[in-house]
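What follows is a set of notes on a single structure, which appears directly below.
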Amino acid sequence: MNIKELQDRLQRFTDERDWDQFHTPKNLVMALSGEVGELTEIFQWLTEEESKAIVGDVEKMKHVEEELADIQVYVLRLAHKLEVDIESAVEKKMRKNAEKYPVHLAKGNAKKYTEY
Ligand SMILES: [Mg+2]
């Protein structure tokens, strides 16, 4: 399923429940932030090693998957409501990041582009 199909499906889901009235940009941003918080909660207090090992925990990964899906749903809804072509926006941002972080300067280090 492509992005447009997903957004159309989410719009139908919303319309069927008469929820579009609640999907203002402000509310969607807040809902997105809440879902990011739910994902964060799964990882808080884990050590670096424990966070990497989570892929082997079926129950925790089920939870991670659900929160990632919640986040994606709200990103898609927000982009749709704000008439942002998210596919094009990601493409543009990736090109911009490639210019800001050329391989010969960025490879193997996590410095911000302003630091080199
Ligand atoms: Mg959630």
(message) How would the range 1-41 be classified by its alpha-carbon gyration tensor: rounded, prolate or oblate, with rounded meaning a/c under 1.5 and the a/b versus b/c comparison settling the rest?
(response) oblate
(message) Counting each pair of different Cα atoms once, what's the Kirkwood radius of the range 8-64 in Å, rounded to one decimal?
(response) 13.7
(message) In Å², and per residue, what accessible area does the chain have when probed at 1.4 Å with the other protein chains present?
(response) 78
(message) How compact is the range 50-104 by the rule of thumb for globular proteins, expressed as Cα Rg over 2.2 N^0.38 Å?
(response) 1.59
(request) Report the FRET efficiency, 1/(1 + (r/R0)^6), for ALA89 and ASP15, where r is their Cβ-Cβ distance and R0 is 30 Å, rounded to 0.05. (result) 0.80
(message) Using 32 Å as the Cα-Cα cut-off, could you pick out the over-long pairs in LYS26/LYS96; LYS4/LYS26; LYS81/LYS107; LYS62/LYS93; LYS60/LYS100; LYS52/LYS81?
(response) LYS81/LYS107; LYS60/LYS100; LYS52/LYS81
(message) Could you order the peptides 103-114, 24-35 from most to least packed, using the average number of other C-beta atoms within 10 Å per residue?
(response) 24-35, 103-114
(message) Test of understanding: in a Gaussian network model of the chain with alpha carbons linked when under 10 Å, which of GLU16, GLU99, GLU66 would top the mean-square fluctuation ranking?
(response) GLU99
(message) Can you give me the % of accessible surface on the chain that is carbon or sulfur? Probe 1.4 Å, all protein chains present, nothing else counted.
(response) 56
(message) If I take every Cα pair under 8 Å that is 6 or more residues apart in the chain, average their sequence separation and divide by the length, what percent do I get for the relative contact order?
(response) 32
(request) For the chain, list log₁₀ I(q)/I(0) at each q in 0.16, 0.17 Å⁻¹, using the Debye formula over Cα point scatterers of equal strength and ignoring solvent, two decimals each. (result) -1.01, -1.06
(message) If I ignore ligands, DNA and RNA and count only protein heavy atoms, how much of ASP85 is accessible to a 1.4 Å probe, in Å² to the nearest 10?
(response) 90
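Largest first, how would ARG95, ARG77 line up by accessible area (1.4 Å probe)?
Heavy-atom accessible area, descending, gives ARG95, ARG77.
The values are calculated or read from the model by the stated rules, or taken from the named source; none is laboratory data. If you're wondering where the values come from, they're calculated on a predicted model, not measured in any experiment. Cβ atoms come from the backbone with ideal geometry, glycine included; neighbour counts cover every protein chain shown. Remember, those area values only see protein heavy atoms, side chains included, never the ligands or the DNA or RNA. Shrake-Rupley method; radii C 1.70, N 1.55, O 1.52, S 1.80 Å.
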